[in-house]
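A.B. asks: Input: one structure, supplied below.
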Amino acid sequence: MKIGISCYPTFGGSGVVASELGMALAERGHEVHFITYAVPGRLNLCRPGIFYHEVSVPDYPLFEFPPYSLALASKMAEVASRERISVMHAHYAIPQAASALLARDILQGGLRVVTTLHGTDVTLVGRDPSFLPVTRHTILASDAVSAVSQFLQKEVCRTFTCDKTIRVIPNFIEPREYEGIEAEPWRRRFAPKGEKVLVHISNFRPVKRIDDVIDIFLAVRKELPVKLILIGTGPDLPKAEQKIRREQAEADVFFLGNQQRVIEILAASDVLLLPSQTESFGLAALEAMAAGAVPIATDAGGLPEVVQHGVSGFLAPVGEVQTMVNYALELLNNASLGDRMRDSAKTEASEKFGLKKILGEYENLYRTLS
């Protein structure tokens, strides 16, 4: 099958999932064409069956805001026609799915559009009055729609009051990538004296509650030697840096920015902190589980569908920092508990969210459209 994929080529969850899905499909013998304005961070263009088509936006003086969505639609139509693509898989409602629908109209048949909703395209952007009618149309007009969690599926139906069939196909990990990880060099770098290691991965936006991450770290730091690793960039990162400096904790914090590969870093960590206001799925939690870093997260959004409280991690109400501190100290001070939860997290990540299972669900979805 020839499949087109379009996503935001960033380090966010949708770009990661789209990249990993495309590479897995190519490994299964499909021909996969990525169409976007830059190469996605985790996409390996050296793999057989993977092709990349860059979308360039004309920079005319007439355009105060360059029309990327139209350029994307035009490129989708061009590539789909030339390469005989049968399915265009859009990861995100705006502009990817909207552009795919326009490309389908341009080609006047033959191209099917699959839209995967990842979260903020529904819970944030899609609710904005400027985009709500367009977002609703992309959902209704797509040939098939999936959401990454039951939580998000319900949010879509509630926000857009539509009766569209929306399949829940969760995010995934490739268990093979987590076998034989060389985490010790990273562990020596971050914790040369055997300190415990906390890690946080996000886009550092207000919904991630970075202040809570730092407050948890500082409270744990008062009780035992601990390091904090912060991965990612975003608008709240400077505020986080300032707070760390005010608390004179710079020597115990590592700011790593965006990382193409986080598996070894997660494997070198003891606990992932994810105190978000909400998460549509929580890919960082799943990747941490697979690597053996126990997640301490909020009981919000799709996170309870990923983390089994008391088994593969801990969940706490949003904003209850002290509860999360207590969970962290319980884990870090009890080696047998930590080992047991790490084993459970790895098993659950592999068995429930393994690539082979999820990939089959996407392939079945594509086949229903042929």
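A.B. asks: Within region 253-301, can you find the residues that are over 13 Å from the mean Cα position of the chain (by Cα) and part of a helix (DSSP H, G or I)?
C.D. replies: If the condition is that a residue be over 13 Å from the mean Cα position of the chain (by Cα) and part of a helix (DSSP H, G or I), then ILE263, GLU264, ILE265, LEU266, ALA267, MET289, ALA290, ALA291 are the ones that fit.
A.B. asks: Does MET324 meet the test of being touching a helix residue (DSSP H, G or I) at 6+ places or on another chain (Cβ under 8 Å), more than 27 Å from THR10 (Cβ to Cβ) and of a type in the set (A, V, I, L, M)?
C.D. replies: Judged against the criteria, MET324 is a match.
A.B. asks: Any idea which of VAL168, VAL114 is touching a His at 6+ places or on another chain (Cβ under 6 Å) and either at pLDDT 95 or above or farther than 14 Å from TYR92 by Cα (or both)?
C.D. replies: VAL114
A.B. asks: Against the definition (hydrophobic (A, V, I, L, M, F, W, C), modelled with pLDDT of 95 or more, outside the structural domain of THR120 (by TED's automatic domain parsing) and outside any helix (DSSP H, G or I)), how does VAL311 come out, yes or no?
C.D. replies: The answer is yes for VAL311.
A.B. asks: Further question on the same structure: For the list (1) surrounded by fewer than 17 Cβ atoms within 10 Å (Cβ to Cβ); (2) of a type in the set (D, E, K, R); (3) within 25 Å of GLY302 (Cβ to Cβ), I need the number of the one condition that GLU250 fails.
C.D. replies: So the condition that GLU250 fails would be (3).
A.B. asks: Inside region 170-185, can you point out the residues that are under 23 Å from the mean Cα position of the chain (by Cα) and assigned to a helix (DSSP H, G or I)?
C.D. replies: PRO175, ARG176, GLU177, TYR178
A.B. asks: Condition check: among the polar types (S, T, N, Q), at pLDDT 95 or above and more than 24 Å from the chain's Cα centre (by Cα). Does SER81 satisfy that?
C.D. replies: When the stated conditions are applied, SER81 passes them.
A.B. asks: Give me the residue from region 148-169 that is in contact (Cβ under 8 Å) with a residue 40 or more places away in the chain and in a strand (DSSP E or B) and, out of that set, surrounded by the most Cβ atoms within 10 Å (Cβ to Cβ).
C.D. replies: Among them, the one singled out is ILE166.
Here's the yes/no breakdown for (1) in a helix (DSSP H, G or I); (2) at pLDDT 90 or above:
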position	(1), (2)
HIS33	no, yes
PRO40	no, no
PRO48	no, yes
SER56	no, yes
ALA77	yes, yes
PRO95	yes, yes
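A.B. asks: What's the total number of residues in region 331-362 that are without any contact (Cβ under 8 Å) to a residue 12 or more places away in the chain and either in contact with a helix residue (DSSP H, G or I) (Cβ under 8 Å, 6 or more places away or on another chain) or not in a helix (DSSP H, G or I) (or both)?
C.D. replies: Summing the residues that are without any contact (Cβ under 8 Å) to a residue 12 or more places away in the chain and either in contact with a helix residue (DSSP H, G or I) (Cβ under 8 Å, 6 or more places away or on another chain) or not in a helix (DSSP H, G or I) (or both) in region 331-362 gives 2.
A.B. asks: Something else: If I ask for residues that are among the basic types (Lys, Arg) and surrounded by fewer than 18 Cβ atoms within 10 Å (Cβ to Cβ), which ones from region 176-201 would you list?
C.D. replies: ARG176, ARG188, ARG189, LYS193
A.B. asks: Please tell me if GLU83 is free of Cβ contacts under 8 Å to residues at least 60 places away in the same chain and of a type in the set (Asp, Glu).
C.D. replies: no
The values are calculated or read from the model by the stated rules, or taken from the named source; none is laboratory data. No experiment lies behind these values; they were computed from the predicted model shown. Counting neighbours? That spans all protein chains shown, and the Cβs are built from the backbone with ideal geometry, glycine included.
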